[in-house]
Amino acid sequence: MTVNRYRCQLHHSAHERRLETHPLTWWLRDDGECVGLGEYVAKDGYAVVRQVLGHQGPDEVIETLKAANIRGRGGGGFSAGVKWSLTLKGENLPRGYLLCNADEMEPGTFKDRLLLEQVPHLLLESMILGGYANDSFYGYIFLRGEYVEAARAISRAIEEARAAGWLGRDIAGSGFDFDIALHTGAGRYICGEETALINSLEGQRANPRAKPPFPGQSGAWGKPSVVNNVETLCNVPAVLRFGADWYQQLSGERSDDGGTKLYGVSGKVRRTGLWELPMGTPAGELLDRAGGMHDGCTLKTWLPGGGSTGFLLPEHLDLALDFNTVAQAGSRLGTGILTLVADDQSMVSLVRNLEEFFARESCGWCTPCRDGLPWAVKLLRALERGEGIPGDIELLEELAEDQGPGKTFCAHAPGAAMPLASAIEYFRDEFERGIAHPGKDDVMPERPLSANGERGDAER
Amino acid sequence: MNGNSHLLASDGDGFVLDPEDRRTIEQERDHYEQPQAACIEALKIVQRRHGWVPDGAIVAIAEALGIGPAEVEGVATFYSLVFRQPVGRHVILVCDSSSCFLTGYDALREALSSRLGIGFGQTTSDGRFTLLPVCCLGACDSGPVLMIDDDTYGPVAVEDVADLLESYP
């Protein structure tokens, strides 16, 4: 059989990587096998737990992280240090939970899988430090159910760490107690939303919760809870080892955001894959590293960080891929894993595919999302068949507006609105070609009549 | 959905949790502050043994966790990887998200459908395969991607489909 089992791969070999320049991936083996406890410790793994626990106070840890400004790598971009400083903690308060969001399902994103499968001890070490800083007594790794290999790697790592005393009571003689369990999901993209994740962890339907209270005030089972993405957490040990200044200068002149980023490329390029590079690396450099587009293809447009980010153009390739720069260009950095689209791709079809995803994955809790997304899909399908009617594009724009930030319960629908609105903005002519132009004697296609007699406007 | 009537017949209202599954569920329950948290895992445990989650298992899990059957059913019907109908011996999850869409998803889905004679949500008449779509499988550098049971494959060319299916008897 010629088809291969999938294996996640990084494009730098070990001799190109140093801990000081590649704090996330320096640990990885060239053969792609999982780094076990012995090898991790031989590379000075868990040294930061020994260095910090009992020697620095939680406040000192948080101050270092705030100064480093690790921005949330799940796509939100919120400072992990600031988030940790807002967690309720104190002598008269219950100790809470440290939750790792490993529910990687953002369309086009395949970065956390690398760390989970190949260096799970880095995540455990990071969570121990996070637990210490946030006064958590327990950690859960919320892993999507389809990541079977990652589940094996994490389960084995937890057992190894527990047996070696890195988890459990009195870790490294510091008096700090903390343990971690793996929780695997059963599908649904919405579980990656942090409050939906907490509901799912509690064994409920994954509907988001109203904020406030924020999870740091009242999260899992009403206790203070911190939710961080895998890649975000995995930055923590190196920041505490080398300091905030080191982290800030990793990106040099490229970006105001410090550190490195796992960047990746997929789509019709010669060499897809992942690289750990300084934050602020331009998309054009990634396209070069990917060897350019397939023969005969040119780049039409690209998504900077998953299906919930806005499309950008070839003229944006020089922009630094960091949170502020990409936002200023009208999109979002998101997960920083690029999807490159070739010039032969119909944008109406691609956006229809994206909106079908968001419509299916809506939890159904609030109306703009539950009803608005299937409506958008219906309009896009009509345009794709060339059966659109005048007004459909304006209606799509209106739907995107009505699903924008602040108008829905969580960020799911705003995420769906971004690629829709930006595709219409940049490629309006393609959408217009989907509008039927009947001849004098032809019948104009019609949407079924709505209850109030208006055409296609039932929900308004 | 033919060919699975034996599953229905053996798992009717008289459903009893396998003793080993009951023990595993009770262990899972202790991983959490409240027993309801174990219900997703409990559904997966039952599904591993039976292939799907019959009605009787909803009641049995509810009893094991001390929560209402409606709570368990609410959860079971929310999550896409919990199957409330019989499925084939092997479940094929085809990634239908954007990167795979750009790299050949439509052709792959058509090749699977025509080879198996079924569409999404259906099971072959010999009870061997069920075909389902799935969210981005996080293997976008190798699209188009699919999973068969616990195995992820990519890129899967249309001409590889027959051989790949043959390796799952």
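Against the conditions (1) in contact with a Phe, Trp or Tyr (Cβ under 8 Å, 6 or more places away or on another chain); (2) in a helix (DSSP H, G or I), A:LEU98 satisfies every one except (2). All conditions in (1) under 30 Å from B:ARG84 (Cβ atoms); (2) not in a loop (DSSP other than H, G, I, E, B) hold for A:ALA172, with the sole exception of (1).
Do we find that A:THR21 is open to solvent by 10 Å² or more (accessible area, probe 1.4 Å) and in contact with a Leu (Cβ under 8 Å, 6 or more places away or on another chain) in this structure? Considered against the rule, which asks whether it is open to solvent by 10 Å² or more (accessible area, probe 1.4 Å) and in contact with a Leu (Cβ under 8 Å, 6 or more places away or on another chain), A:THR21 comes out as yes. Quick check, is A:VAL3 outside any loop (DSSP other than H, G, I, E, B) and among the aliphatic types (A, V, I, L, M)? Spelling it out, it is not the case that A:VAL3 is outside any loop (DSSP other than H, G, I, E, B) and among the aliphatic types (A, V, I, L, M).
Considering only residues in the stretch A:331-384 that are open to solvent by 50 Å² or more (accessible area, probe 1.4 Å) and touching a residue at least 60 places away in the same chain (Cβ under 8 Å), the one that is nearest to the other protein chains (Cβ to nearest Cβ) turns out to be A:TRP365.
For the stretch B:23-68, the tally of residues that are part of a helix (DSSP H, G or I), open to solvent by less than 70 Å² (accessible area, probe 1.4 Å) and within 14 Å of another protein chain (Cβ to nearest Cβ) stands at 21.
Hey, does the stretch A:271-285 have a residue that's part of a helix (DSSP H, G or I), under 22 Å from the mean Cα position of the chain (by Cα), touching a residue at least 12 places away in the same chain (Cβ under 8 Å) and crowded, with 20+ Cβ neighbours inside 10 Å?
Here is the first cut: in the stretch A:271-285, the ones part of a helix (DSSP H, G or I) are A:283-285.
Keeping just the survivors that are under 22 Å from the mean Cα position of the chain (by Cα) gives A:283-285.
Restricting the remaining residues to those that are touching a residue at least 12 places away in the same chain (Cβ under 8 Å) gives A:283-284.
Add one more test, that the residue is crowded, with 20+ Cβ neighbours inside 10 Å, and what stays is A:283.
Looking for residues that are part of a helix (DSSP H, G or I), under 22 Å from the mean Cα position of the chain (by Cα), touching a residue at least 12 places away in the same chain (Cβ under 8 Å) and crowded, with 20+ Cβ neighbours inside 10 Å, one finds at least one in the stretch A:271-285, hence yes.
Residues in the stretch A:234-251 that are in contact with a strand residue (DSSP E or B) (Cβ under 6 Å, 6 or more places away or on another chain) and not hydroxyl-bearing (Ser, Thr, Tyr): A:LEU250 alone. Kindly indicate whether A:LEU338 is in the same structural domain as A:MET293 (by TED's automatic domain parsing), under 16 Å from B:THR103 (Cα atoms), touching a strand residue (DSSP E or B) at 6+ places or on another chain (Cβ under 7 Å) and not charged (D, E, K, R). For A:LEU338, the condition - in the same structural domain as A:MET293 (by TED's automatic domain parsing), under 16 Å from B:THR103 (Cα atoms), touching a strand residue (DSSP E or B) at 6+ places or on another chain (Cβ under 7 Å) and not charged (D, E, K, R) - is met. Residues considered: A:GLU63, A:GLU91, A:GLU33. Of these, the only one that is open to solvent by 50 Å² or more (accessible area, probe 1.4 Å), at pLDDT 95 or above, over 29 Å from A:GLY291 (Cβ atoms) and among the acidic types (Asp, Glu) is A:GLU63. Selection of first residues in the stretch A:202-221 that are more than 12 Å from chain B (Cβ to nearest Cβ) and of second residues that are of a type in the set (A, V, I, L, M, F, W, C), restricted to Cβ pairs under 6 Å at least 6 apart or on distinct chains, gives the following pairs, ordered by first then second residue: A:PRO208/A:ALA196; A:PRO208/A:PHE409; A:PRO208/A:CYS410; A:PRO215/A:VAL227; A:GLY216/A:LEU86; A:GLN217/A:LEU88. Filtering A:ARG254, A:ARG241, A:ARG270 for residues that are over 27 Å from A:ILE141 (Cβ atoms) and either touching a Pro at 6+ places or on another chain (Cβ under 9 Å) or not assigned by TED's automatic domain parsing to the domain that holds A:GLY336 (or both) leaves a single hit, A:ARG254.
Looking at the stretch A:415-454 only, could you name the residues that are basic (Lys, Arg), at pLDDT below 95 and either within 14 Å of A:GLU394 (Cα to Cα) or over 39 Å from the mean Cα position of the chain (by Cα) (or both)? A:LYS440 - this is the single residue of the stretch A:415-454 that is basic (Lys, Arg), at pLDDT below 95 and either within 14 Å of A:GLU394 (Cα to Cα) or over 39 Å from the mean Cα position of the chain (by Cα) (or both). The one condition from (1) part of a loop (DSSP other than H, G, I, E, B); (2) open to solvent by less than 30 Å² (accessible area, probe 1.4 Å); (3) touching a helix residue (DSSP H, G or I) at 6+ places or on another chain (Cβ under 8 Å) that B:VAL87 does not meet is (3).
Taking the options A:GLY306, A:GLY252, name whichever one is in a loop (DSSP other than H, G, I, E, B), out of contact with any helix residue (DSSP H, G or I) (no Cβ under 8 Å at 6 or more places or on another chain) and open to solvent by less than 10 Å² (accessible area, probe 1.4 Å). Every option except A:GLY306 fails the conditions.
The residues of the stretch A:108-149 that are within 14 Å of chain B (Cβ to nearest Cβ), of a type in the set (Val, Ile, Thr) and not in a helix (DSSP H, G or I), listed by number, are A:THR109, A:ILE141. Considering (1) over 19 Å from A:THR184 (Cα atoms); (2) touching a Cys at 6+ places or on another chain (Cβ under 7 Å); (3) of a type in the set (A, V, I, L, M, F, W, C), the lone condition that B:ILE118 does not fulfil carries the number (2). Take the conditions (1) over 20 Å from A:GLU160 (Cα atoms); (2) open to solvent by less than 60 Å² (accessible area, probe 1.4 Å); (3) modelled with pLDDT of 95 or more; A:ALA14 misses just one of them, which is (3). Taking the stretch A:345-445 as the region of interest, the helices (runs of 4 or more DSSP H) fully inside it that hold 1 or more residues being under 22 Å from B:TYR105 (Cβ atoms) and either outside the structural domain of A:ALA327 (by TED's automatic domain parsing) or out of contact with any Leu (no Cβ under 7 Å at 6 or more places or on another chain) (or both) are A:347-361, A:367-384, A:412-426, A:428-432. Counting the residues of the stretch B:110-169 that are among the charged types (D, E, K, R), more than 8 Å from chain A (Cβ to nearest Cβ), within 29 Å of A:ASP112 (Cα to Cα) and in a helix (DSSP H, G or I) gives 0. Residue check: A:GLU231 meets all listed conditions (1) of a type in the set (Asp, Glu); (2) within 14 Å of chain B (Cβ to nearest Cβ); (3) open to solvent by 10 Å² or more (accessible area, probe 1.4 Å) but one, namely (3).
Within the stretch A:83-98, residues that are in contact (Cβ under 8 Å) with a residue 12 or more places away in the chain reach partners that are hydrophobic (A, V, I, L, M, F, W, C) with beta carbons closer than 6 Å, at six or more positions or on different chains, in the pairs A:TRP84/A:ILE62; A:TRP84/A:ALA133; A:SER85/A:ILE62; A:THR87/A:VAL226; A:ARG95/A:PHE137; A:TYR97/A:ALA220; A:LEU98/A:MET127; A:LEU98/A:VAL226.
Filtering the stretch A:6-40 to residues that are part of a helix (DSSP H, G or I) and free of Cβ contacts under 8 Å to residues at least 40 places away in the same chain leaves A:ALA14, A:HIS15, A:GLU16, A:GLY38, A:GLU39. When residues of the stretch A:181-235 are filtered for being on the phi > 0 side of the Ramachandran plot and assigned to a loop (DSSP other than H, G, I, E, B), how many remain? Residues in the stretch A:181-235 being on the phi > 0 side of the Ramachandran plot and assigned to a loop (DSSP other than H, G, I, E, B): 3 in total. Within the stretch A:218-225, at least one residue is open to solvent by 20 Å² or more (accessible area, probe 1.4 Å), assigned by TED's automatic domain parsing to the domain that holds A:TRP26 and of a type in the set (S, T, N, Q).
The values are calculated or read from the model by the stated rules, or taken from the named source; none is laboratory data. These numbers come from a predicted model, not from an experiment. Ideal geometry is used to build each Cβ from the backbone, glycine not excepted, and the neighbour counts take in all protein chains shown. The accessibility values were calculated without ligands, DNA or RNA, using every heavy atom of the protein model including side chains. Shrake-Rupley method; radii C 1.70, N 1.55, O 1.52, S 1.80 Å.
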